[in-house]
Structure formats: structure tokens, C-alpha cells
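Notes follow the structure.
Read-outs: derived from the displayed coordinates by stated rules, not from any lab. Please read all numbers here as calculations on a predicted model, not as lab measurements. Counting neighbours? That spans all protein chains shown, and the Cβs are built from the backbone with ideal geometry, glycine included.
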Amino acid sequence: MQSSPTSSASTAPAPVRWHISEIDFSRIDIPRIRHNGDLFYLVTSASFIETGSDMYTRNLVRHYSAYPEVAEWLQQRWEPEELQHGLALRTYVETVWPEFDWQTAFDAFFTEYGALCTDEELEEDRTLELVARCVVETGTTTYYETLRNLAPEPVLADLANRIRTDEVQHYKYFFQYFRELQASQKLSRARIASVLYKRLAEMRESDSDVALRHVWQHRPPLFREDSFEQQSQRTYQLVSSSLPIEQVIRMLLKPMDLPKRVEKWVQPPLQKLGRRLLSA
């Protein structure tokens, strides 16, 4: 059995960095965003995924039951922050688009998502699952950075930035635990790269796609024009064209632990490849 990590990353979780009560939703400039269908879909989809994180937490806690420090951090820090993200995003949606039946749409999403969110989806090797977590947190970090940059409304921009900051810290925590387990296990770069590639390939057909579909199925009359395929493609192109690809590549390369010279050499072609794949 792999030894339990013991570094500074394993200390008791600190209090959450911010609280939803700090956000004054009454100050939302509703006219600046009310008719922006793309942001309606982006914010609402994110609210579904974040709100459903308690199920994923349970799966991960079981998976890391042999590592009490990891399980404690998941339950006491990661889950409360993810659920707070969901509540804050839901509050934003219900303030700007009160006619949208958030709860009914979320219940439909969660029924489908719950069937997909199983222990079998996790990597059997706990160290490799931490690599997968790094991929997920890379995605969420850059998603909220993109949302922050796209937001035409100050309260949303502030909220997206707060969530992005949390996601950066989540990435750092998963990465630190990966390094601690990897120090004793010493998985090959080939195995690590395989998980990176697998999780990246799954991202477009992931929980975000399920969430977007249920938002679209329950969308308010204000956004009835497009088919799901049209909206899905436009949402994907909007996010991918604004994604900070340099940051994505840097974060994804970290678990590979490449020599600095090699890492610097491979970044430009990977960035070029990433842009080409995202524009396809």
C-alpha cells in the first residue's frame, strides 16, 4: 500500500477564503446581462455542476479512505467551497433570470449525472486519480478565468474571479498530494501522459455537456431561438476561443515533471496544437 502523505499539504483545512454573504446580489446590473443568452448558459451550467459536487465528494472520500488527510481536506475544504460556488451561481441566475425554474432543471440534470458519477469512473490507482483531478481543476480554473473575462457585469466578474481563485488552490492541493504519492510510487511519464490524454479527451463529453443540455431543455422563453446543437457549438466556440491556452498547457505539464529545458521546448508546439484542436 502507498504510504499516507505527511507534508504541509496534509495539515487541517483552513477556513474558506470567502463567504457568499460578501456578495451583494442586489447590485447586479441586470440590464447589462439579462439578454445575453451565452452567459445564461455558461453561468447556469456551472451552477449545476458545482451544486452536484457533494456526490463526487462522496466517491472521492471512499476512494481515498486509506489517506485520512486527503479525505479530511475533501470533506472540510473542497466540498464546502464547491457547494458555495453552486449556491452563489444559482443565486446569480435566479436574480437575473427569475422565470427560469432552476430547481426543476437541476433535478433533471442530477438524475442523469448521478447515474454517470460512479466510483468506476475514478482511476483505480490513487496517484493517477490525482493526475485526473489536476486535469479537472485545470479545466475549472481556466473556465472561470474565461467567464470572468467575458462577463459584462461587475458582480458576475467578481464572483467568477473568486471561484477561479478557489479552483487554483484546489489544483495546487491535488498536485501536492500527487507529488507526495509519486515520490514513493514513481509512476512512469507514459502512464501519467495516458491519464492526461484520456481525461482531456473526455472533457467535451462530460458533465458540462449534460448540464448544458438540461439548461437548454428548461430554458426560459427569452432564449428559445436556437437548437441544442447550435447553442452547444456556440458555447463551445465561445469558451475555447477565449481559453488561456498557455496557462492550460503549463498546468497540464506539471505532473509530467519534465526537465525545465524540455518543458520550455515542448510548450510552444503544444500550445499551437491546443489552439488547432480547440478551433476544430
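Numbers for the structure displayed
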quantity: Number of Lys pairs (Cα under 18 Å; 8 or more positions apart or on different chains) in the chain; calculated: 5
quantity: Inverse mean reciprocal Cα-Cα distance (Kirkwood Rh) of the chain, Å; calculated: 19.7 Å
quantity: Shape category assigned to segment 106-201 from the gyration tensor of Cα positions, a/c cut at 1.5; calculated: oblate
quantity: Summed residue charge, Cβ within 11 Å of GLU167's Cβ, Lys/Arg positive, Asp/Glu negative; calculated: -3
quantity: Lys/Arg +1, Asp/Glu -1 at C-beta; the chain dipole; positive extreme among LEU156, PHE223, VAL248; calculated: VAL248
quantity: Relative contact order for the chain, counting Cα pairs under 8 Å that sit 6 or more residues apart, in percent; calculated: 26 percent
quantity: Alpha-carbon gyration tensor eigenvalues x 5, square-rooted, for segment 68-130, Å; calculated: 29, 17, 8
quantity: Relative contact order computed over segment 129-214 (Cα-Cα under 8 Å; 6+ residues apart), in percent; calculated: 39 percent
quantity: Lys/Arg +1, Asp/Glu -1 at C-beta; the chain dipole; positive extreme among VAL61, SER232, ALA201; calculated: ALA201
quantity: Dipole magnitude (debye, nearest 20) for the chain, charges at Cβ of Lys, Arg, Asp, Glu; calculated: 1360 debye
quantity: Options THR165, LEU89, GLN176, ranked by Cα towards positive dipole end of the chain, top entry (Cβ charges); calculated: GLN176
